[in-house]
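Asker: Let me give you the structure first, and then I'll get to my questions.
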Amino acid sequence: MPKIVLFGATGYTGRLTAKALTARGADPVLAGRDATALAKLAADLGGARTAVAEVSDPASVRALLDRGDVLVTTVGPFLKFGEPALEAALAAGAHYFDSTGEGPFIRKVFEQDARARAAGSALLTAFGFDYVPGNLAGGLALNEAPEAVRADIGYFMSAPGTSGGTRASMIGMLFERGFALRGGRVVEERTGAHTHTFDIGGRPHTGVTVPGSEHFALTRAYPRLREVDVYLGVPVAAAARGMQVTTVLTDALARITPVKDLAQSALSRVVKGSTGGPAPESLARTRSWAVAETSDANGRVLATATLAGADPYTFTAEILAWGAHTALDGGLRGTGALGPVDAFGLDALTAAAESAGFHR
């Protein structure tokens, strides 16, 4: 009988997702590298199946899955540790969800589209705060403007806290190339190459370009799209310009492989993953938004959609749990590398996001 397997269950996002799955009535298999920590988590949840698996032993990850299963993985940084879980899902013919926000890994997942279709698998990468709300906001705005050919999508937070895993992923991303949708094709483009200012509740919010899933995913549901940019908010416009200068430097260093490897190694020793998440009082203060603007070929804004929510970690856990549970119940609308909108439909995704705390 098909099952949900949660890989990385004892990490910060993994634990939140395990609780969300259990609250939905699911019976996930909790998987990770530490048998003792898994047993404790299972007991905390009132009893659950556990399995030991480690990314350094890909066969142990493959052994978790059978055809038709649903794999949810929160094991990051994904550029370093993500591939064994992705390969295991494809080999087994299982459906796959991950919590990455790392653009190059997102691209890697979408490049497996043909393999996933052949295997009967659906691959849903970046299925959390990165980047479900922006896909949803983009879909809502595009539905209101059938002639739109461009989407600009921004992510903003107030009083954000970060987990150790998030900080480790950010370090891994510093020296990786970004991308954008230009002329209907995804092309390489430096992260931070552009800025954009959005209006949220009458106040300006500025962001710099980052690689996201919207570049790949929205074109599947809305093939008329020719241009997509995704932006990450920064506190003030001056900080956006500073970040642009920084990304010029890191982009140049990234082209010199020994320098890139040395810099990443040094930074990874300073910033450790799996060190727990933000303090509860920090999460309680956090507010977040995703906003989409769609425009025509002349740059005229045609429609906007803004979603507002609370902390990204709770949303990520809740939406991952919903997606996995829905997939297990046969609620996916296709196979291959999918975006949130084409995988579930705009109405179902809107209802799920509202239940997980993001409202228009």
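The values are calculated or read from the model by the stated rules, or taken from the named source; none is laboratory data. Since the structure is predicted, the reported quantities are computational estimates derived from the model, not experimental observations. No Cβ is skipped: glycine too gets one built from the backbone with ideal geometry, and neighbour counts run over all protein chains shown.
Asker: Does Leu225 meet the test of being under 18 Å from the mean Cα position of the chain (by Cα), at pLDDT 95 or above and buried (at least 19 other Cβ atoms within 10 Å of the Cβ)?
Answerer: Taking the combined requirement at face value, the residue does not satisfy it.
Asker: Select, from Gly32, Gly25, the only residue that is in the same structural domain as Ala88 (by TED's automatic domain parsing), of a type in the set (Gly, Ala, Ser) and within 21 Å of the chain's Cα centre (by Cα).
Answerer: On the way: Gly25 fails: within 21 Å of the chain's Cα centre (by Cα).
That would be Gly32, the only listed residue that is in the same structural domain as Ala88 (by TED's automatic domain parsing), of a type in the set (Gly, Ala, Ser) and within 21 Å of the chain's Cα centre (by Cα).
Asker: For Gly336, only one of the following conditions fails: (1) of a type outside the set (Lys, Arg); (2) at positive phi; (3) modelled with pLDDT under 95. What is its number?
Answerer: That leaves (3) as the condition not met.
Asker: Moving to a separate point now. Here are Lys108, Lys40, Lys80: which of them is at pLDDT below 95 and charged (D, E, K, R)?
Answerer: Numbers: Lys108 fails: at pLDDT below 95; Lys40 fails: at pLDDT below 95.
Result: Lys80 is the single residue among Lys108, Lys40, Lys80 that is at pLDDT below 95 and charged (D, E, K, R).
Asker: Only one of these is surrounded by 21 or more Cβ atoms within 10 Å (Cβ to Cβ) and farther than 24 Å from Ala351 by Cβ: Val132, Val149, Val75. Name it.
Answerer: Only one candidate passes the filter, namely Val75.
Asker: Of the residues Val301, Val259, which is more than 30 Å from Gly68 (Cα to Cα), surrounded by fewer than 17 Cβ atoms within 10 Å (Cβ to Cβ) and at pLDDT 95 or above?
Answerer: Going through Val301, Val259 in turn, the sole match is Val301.
Asker: Which count do you get for residues in the range 94-113 that are under 13 Å from Val75 (Cα atoms) and either in the same structural domain as Thr191 (by TED's automatic domain parsing) or part of a loop (DSSP other than H, G, I, E, B) (or both)?
Answerer: Residues in the range 94-113 being under 13 Å from Val75 (Cα atoms) and either in the same structural domain as Thr191 (by TED's automatic domain parsing) or part of a loop (DSSP other than H, G, I, E, B) (or both): 4 in total.
Asker: Identify all residues within the range 29-82 that are in contact (Cβ under 8 Å) with a residue 60 or more places away in the chain and among the β-branched types (Val, Ile, Thr); write none if there are none.
Answerer: The answer is Val70, Val72, Thr73, Thr74, Val75.
Asker: Let me ask you something else. Go through (1) among the hydroxyl-bearing types (Ser, Thr, Tyr); (2) at pLDDT 95 or above; (3) surrounded by 23 or more Cβ atoms within 10 Å (Cβ to Cβ) for Ser169 and report which single condition fails.
Answerer: It fails just one condition, (2).
Asker: Cβ-Cβ below 6 Å, separation at least six or inter-chain, first residue in the range 322-344 and more than 14 Å from Asp113 (Cα to Cα), second in a loop (DSSP other than H, G, I, E, B) and basic (Lys, Arg): which pairs?
Answerer: His325/Arg24
Asker: If you don't mind, there's one more thing I want to ask. Which of the helices (runs of 4 or more DSSP H) contained wholly in the range 1-71 include at least 2 residues that are over 20 Å from Ala356 (Cα atoms)?
Answerer: Qualifying helices (runs of 4 or more DSSP H): 35-44, 58-62.
Asker: Still on this structure, please answer the following. Let me confirm something: among Glu83, Glu54, Glu87, Glu102, which residue is touching a strand residue (DSSP E or B) at 6+ places or on another chain (Cβ under 9 Å) and not aliphatic (A, V, I, L, M)?
Answerer: Selected residue: Glu54, the only one of Glu83, Glu54, Glu87, Glu102 that is touching a strand residue (DSSP E or B) at 6+ places or on another chain (Cβ under 9 Å) and not aliphatic (A, V, I, L, M).
Asker: Checking the structure you have, find out if any residue of the range 21-28 is buried (at least 24 other Cβ atoms within 10 Å of the Cβ) and either closer than 25 Å to Pro312 by Cβ or at pLDDT 95 or above (or both).
Answerer: Checked against the condition, which is being buried (at least 24 other Cβ atoms within 10 Å of the Cβ) and either closer than 25 Å to Pro312 by Cβ or at pLDDT 95 or above (or both), the range 21-28 yields at least one hit.
Asker: Please go through (1) more than 19 Å from Leu328 (Cα to Cα); (2) over 24 Å from the mean Cα position of the chain (by Cα); (3) among the acidic types (Asp, Glu) for Glu54 and return the number of the only condition it doesn't satisfy.
Answerer: Glu54 satisfies every listed condition except (2).
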